[in-house]
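For reference, the structure is listed below as C-alpha cells.
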Amino acid sequence: MKKVSLLVLLAIVASTLLMAAIPTTIVRLTVINKSGYDVYIKLTGSAVTEAFYYLTIPAGDRDVPSVKIFTIMQDLYTRETWQCNGARSAGTLIVDGNIRLTFTPCGEFACSISVKNTYLWGCDPTTANLYDVFTTKRKAGEPRMEKVTYFSYLQAFGYNYLGWSGAYLYTGFVDFGCGTWFYRVRSYRLPFGCNWRYQY
C-alpha cells in the first residue's frame, strides 16, 4: 500500500513539474465574421508551447455576424488565414491576452476619420504662429479589438498618365487601339503596421 501511495505521489509531482515547465496561461480569442464567407485560421505556436490550432469560423454578414470564441494559450503564433472565398494571407498573431478579431465584409475599404491638430510655431501664441495639421486615422474599434481586411483589387492607369516609370510593378498591359493601358493587381489589407497583434 505504501508503494502504491509513493508511486501516486511521484506521478502527481512529475505531472506538476511538467505543467510548470510550460507557460499555460489560457486566454480567449473571439472571432467575429462579417465577411460573407467562411474564415479559416491556422495558428502554429513557438517552441515554448508547441501549440497548434486550426480554427473555422462560419460565414456571417454585417447584420447577422458569426461569432466564435476559442480558448488558446498565450504565445507568438505563425498565422495563416483563408478568407474572402479563398484569399490567403500569412503573418503572425501576438496572443498576449484576450483578443477580438473582426473580419469586415470582403471588398469593403475601412472607414477613416480626419483629425485636426493645431500646433504653435515659435513662442508668440498669435494666430500667425499657429498652424493646423490634418491626419487620417482608421476607425480601429475598441481596445483589444482589431478589424481584419484582406482582398485583391485591380488598379488601372493610362499610358500617358505615368509613362513607363515603375513598369516593373505592373501586372500587365492592354492595348485598346487608342492607347496602352497598364494594370496592377494590388492587395488591400488591415491592420497595417507594427502596433497590432494581427500582423501581415
Considering only residues that are aromatic (Phe, Trp, Tyr) and touching a helix residue (DSSP H, G or I) at 6+ places or on another chain (Cβ under 8 Å), look in region 179-200 and name the one that is farthest from Leu154 (Cα to Cα).
Trp181
What number of residues within region 28-61 are under 15 Å from Gln74 (Cα atoms), within 16 Å of the chain's Cα centre (by Cα) and among the hydrophobic types (A, V, I, L, M, F, W, C)?
2
If a residue must be over 23 Å from Pro105 (Cβ atoms) and in a strand (DSSP E or B), how many such residues does region 180-200 contain?
5
Checking Thr78 against (1) at pLDDT below 95; (2) under 17 Å from the mean Cα position of the chain (by Cα): exactly one of these is not met. Which one?
(1)
Quick one: in region 65-106, which of the residues that are touching a Leu at 6+ places or on another chain (Cβ under 9 Å) and among the aromatic types (Phe, Trp, Tyr) is nearest to Arg186 (Cα to Cα)?
Tyr77
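The values are calculated or read from the model by the stated rules, or taken from the named source; none is laboratory data. Source: prediction; values computed, not measured. Because the Cβ atoms are built from the backbone with ideal geometry, glycine has one as well, and the counts that use them run over all protein chains shown.
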